[in-house]
Structures are given as structure tokens and as C-alpha cells.
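Read the structure below first, then the notes.
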């Protein structure tokens, strides 16, 4: 049982670190998008910003799951139509 508790705290620490990294990546993507506004690169920058926002949401779900009282209740992924078709 002690391994489970230790593993769970490691998972929580890792989830917090990933969320912080995702926020930093989203901030960089936002800066690139803002500087690309009005140029031919705007659409690509917007799509990368959107993906970065979705990554933040996924990391947040993982952290909430890691900190939850019921670790068996995993959050469901949210799929938007055509997301699998868009690759950058």
C-alpha cells in the first residue's frame, strides 16, 4: 500500500509539472499568434495556439484525476469533430 501512496504523489507532482509546462507552451504560442496576426502565418499560429490550449485542458484533467479521492474515475477525453484530420 505504501508504494501506491508514494506512486500517487509522484503522479501528482508529475501532473503539476506537466501542467506548468503546458501553460508556458500556451503562453509562447499566444505570443507567436499575436505577432503573426495579419500575416500569412496567422492561421498556422492560431491552430498551434488552439492545440496548446487543448493540451493545457488535458493536463488539467490529469492533475484533477491524480488529486481526486476516487482514482478509478478517470476523466473522459473530449473529442471535437475533425480534430484527427488537422495535423501541424
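The values are calculated or read from the model by the stated rules, or taken from the named source; none is laboratory data. These figures come from a predicted structure and were not determined experimentally. With ideal geometry, Cβ positions are generated from the backbone for all residues, glycine too; neighbour counts draw on all protein chains shown.
The figures follow:
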{"item": "Some residue of the range 56-69 being closer than 21 Å to residue 12 by Cα, at pLDDT 65 or above, outside any helix (DSSP H, G or I) and out of contact with any strand residue (DSSP E or B) (no Cβ under 7 Å at 6 or more places or on another chain)", "result": "yes"}
{"item": "Scope the range 22-53; condition closer than 23 Å to residue 67 by Cβ and in contact (Cβ under 8 Å) with a residue 12 or more places away in the chain; matching residues", "result": "22, 23, 25, 26, 52, 53"}
